[in-house]
Amino acid sequence: MNHTTTPYSFEFDNRFVSNPILLELFRNMLKSRMIEEKMLILLRQGKISKWFSGIGQEAISVGVTMALQPDEYILPMHRNLGVFTTRKIPLNRLFSQWQGKASGFTKGRDRSFHFGTQEYKIVGMISHLGPQLGVADGIALAHKLRKEAKVTAVFTGEGGTSEGDFHEALNIASVWDLPVLFCVENNGYGLSTPINEQFNCKNIADKGIGYGMEAHIIEGNNVLEVYTKVNEIAKSVRENPRPVLLEFKTFRMRGHEEASGTKYVPDELLNEWATKDPISNYSKFLNDEGILTKDIETYYKDSIQAEIDENLQISYAENSIVSDETNELNDVYYDAVNKLFKDSESKNNIRYIDAVSEGLKQSLEKHDNLIVMGQDIAEYGGVFKITEGFVEQFGKDRIRNTPICESGIVATAMGLSINKMKAVVEMQFSDFVSSGFNPIVNYLAKSYYRWEQNADVVIRLPCGGGVGAGPFHSQTNEAWFTKVPGLKVVYPAFPQDAKGLLIAAINDPNPVMFFEHKALYRNVYQDVSDNYFDIELGIASVIKEGKDVSIITYGMGVHWALEVLEAHKDISVELIDLRTLSPLDTKMIYSSVKKTGKALILQEDTLFGGISSDISALIMENCFEYLDAPVKRVASLETPIPFAKSLENQFLAKSRLEKELLNLLSY
Ligand SMILES: Cc1ncc(C[n+]2csc(CCOP(=O)(O)OP(=O)(O)O)c2C)c(N)n1
């Protein structure tokens, strides 16, 4: 029989689906349901910590996963157990993941579905919901650039569509024709918030028009419709890469998570949707068609039950994780090998900005898989002209103008890294990184520690004051990032360092925040090696040796110190340029302070919470007996950065440096 309307809640049309597939769809939904039912019992017994139920939504996870090829990436959410089980992840590993045990996927470092696995091409969510939509863009971009006919499917609930990340990801995918299936599970409630308080159009799919994107509404509880339509759409997207928005109508039958209940959901709604259960409707249909017999169903149930029981025993038998500080600290960064390429004797006298440009250009020549993204960086060459001429040499696929979507582009860079590419993102001004803050500190920084997925991404940040640009084009915001484990932070003061450190940052498989001071771009010249060379991250440099006091600084601070010292040739100052703030070269700091007995830490950033405070604390803790005076921090005034020259001069730390240095010397 082709299709019917009568005894089921939906029309089942199995004309184009073979019987083995029809049965597999059923078995996969059943497996997901039976695991969940078991987990609900374990939750009540206190054996797992939390559970986000996808009961009633199984058809979407199973239908989408079966419509994709096994090597196509899927980015599921917290209600998509069926994605994990349909990809046939061994159940003992899932159970261990939920109990925080070692053979899970995160060594006990993250819970429930917050993990990914390259082996099964699954990239799990972070709690913030939206960022993974942009990650899917990056994965799809890598496929597209390599001309691989692959789609990427990413999930979100309808609540998550209210986040800016949803808008940015769809916009980027549409502008770049990326082969992404944006799968929205509209299940009626986002925690307790009903859809009419979440968005104000009839269907989420209606938003597709605004993004210039094809969109479909799919009956999410009808597994045959999900599978058939997604299969057809995926085939077409593989041939003709483009994003498609899919709205699956469904319903969340249990609480947001088990503890929160469903009091706020009217009984009529729950009753109505209970009749639309994806498994009972489909099994009745298969039974009526003679495809699923009672014997087969019993066999499925028994074999799944046995699989669950057996794997639970394996997982229970596994010991709990034993904590070990060294293990934890060693897993924050992917091992990086720096200082592989020696600098040449042959040099050119160039500006800081030319050195950055040269480092980037030579890196693009070195790494075929390196993509550079940023606003106005293509034909226009970027607002500072660092990428001028790059499009002609490397083409628009690799030198990509982006929409004004900082968060979406950082997430896209993460996706590129997941799919074997490298990325450099240029923030137009470092001030604007605040709009991309979330994926940097929560996604890029934490992925390696969570599930061994590195973020091979460098974010370039033209920063700093003294240029009369006011509060939103002058900040030096390195302290927003030095506090985040998982990020590296680099801040060169000279052209040779800018080039060598940028090359090292791009070679480093970890996420690196690369600060470039705008006021140095065109004012500082140096003889810079013309070859492809790197400088090891985490090694400070002694600019000037001395014995009376150590000035520890970086970026523009180094130049301010040099200026003051020029006027005080009689003072014996040891000037240290940190070059990298994370990792921090504490060894060099301590040895200098132990020699001089006095330390002045100079930063352009405002005082409170800046890196000088931490360096000061480290010196107190590690060099106390060697100190002849209290450690002094010199920093900018605790106000936003003003525009007018006289105000800005007063604001900047430079205005206080000389006086504070002389004070410290006379202590
Ligand atoms: C940025 C952010 N804000 C709030 C939350 C808390 N939170 C987690 S899930 C959720 C509801 C999500 O609703 P929806 O996207 O519709 O997915 P559903 O849970 O219904 O499947 C909320 C508010 C969060 N995790 N992240």
HN-Hα J in Hz across region 405-419 - Karplus 6.51, -1.76, 1.60, θ = phi - 60°, x for Gly and Pro: 9, 4, 5, x, 6, 4, 5, 4, 4, 4, x, 4, 5, 4, 9
Over the chain, what is the mean sequence separation of C-alpha contacts under 8 Å (at least six apart), divided by residue count, expressed as relative contact order in percent? 12
Of TYR626, TYR264, TYR525, TYR300, which has the most accessible area and how do the rest follow, probe 1.4 Å? TYR525, TYR626, TYR264, TYR300
Apportionment of accessible area to carbon and sulfur, the chain, percent (1.4 Å): 51
Mind running the shape call on region 463-548? Use the C-alpha gyration tensor, a ≥ b ≥ c as the square roots of the eigenvalues: rounded below 1.5 for a/c, prolate if a/b tops b/c, oblate otherwise. rounded
List the relative contact order of region 283-442 as a percent without decimals, with contacts defined as Cα pairs under 8 Å and 6+ residues apart. 17
Angle check, please: helix 131-145 long axis (alpha carbons) against the longest principal axis of the chain (alpha carbons), in degrees 0 to 90, nearest 10. 90
Sorted list, accessible surface of protein heavy atoms, 1.4 Å probe, largest first, for PHE95, PHE52, PHE643 is PHE643, PHE52, PHE95
Rank these residues by their accessible area, most exposed first, probe 1.4 Å: HIS128, HIS78. HIS128, HIS78
With a cut-off of 8 Å between alpha carbons and a minimum separation of six or more residues, what is the relative contact order of region 369-469 in percent? 28
DSSP-defined antiparallel bridges as percent of all bridges, the chain, nearest 5: 20
By the mean-Cβ-within-10 Å protection proxy, highest first, 578-586, 384-392 rank as 578-586, 384-392
Report, in degrees rounded to the nearest 10, the 0 to 90 angle that the Cα long axis of helix 278-288 makes with the longest principal axis of the chain. 30
For helix 58-67, report the angle its Cα long axis makes with the longest principal axis of the Cα atoms of the chain; keep it between 0 and 90° and round to the nearest 10°. 80
What FRET efficiency comes out for the pair ILE314/GLN118, r = Cβ-Cβ distance, R0 = 25 Å, nearest 0.05? 0.65
Can you tell me which of 437-445, 326-334 comes out highest on packing, and rank the rest after it, using the mean Cβ neighbours within 10 Å? 437-445, 326-334
Got a number for the accessible area of HIS256? Probe 1.4 Å, square angstrom, nearest 10. 40
Between TYR626 and ALA259, how many nm apart are label points set 7 Å from Cα along the C-beta direction? 4.9
What does the C-alpha gyration tensor say about the overall shape of region 369-490? Classify as rounded when a/c is under 1.5, otherwise prolate if a/b is larger than b/c, or oblate. oblate
Solvent-accessible area of ARG238 with every protein chain in place, 1.4 Å probe, in Å² to the nearest 10: 40
At q = 0.16, 0.22 Å⁻¹, what base-10 log of I(q)/I(0) does the Debye formula yield for region 494-592 when every alpha carbon is treated as an equal point scatterer in vacuo? -0.74, -1.24
Send over the semi-axes of region 227-348's equivalent ellipsoid, whole angstrom and largest first, taken as the square roots of 5 times the C-alpha gyration tensor eigenvalues. 47, 29, 22
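The values are calculated or read from the model by the stated rules, or taken from the named source; none is laboratory data. The model shown is predicted, which means the values in this text are computed figures rather than measured ones. Neighbour counts run over all protein chains shown; Cβ positions are idealised from the backbone, glycine included. For the accessible areas, the whole protein counts, side chains as well, though only heavy atoms, and no ligand, DNA or RNA atoms are used. Shrake-Rupley method; radii C 1.70, N 1.55, O 1.52, S 1.80 Å.
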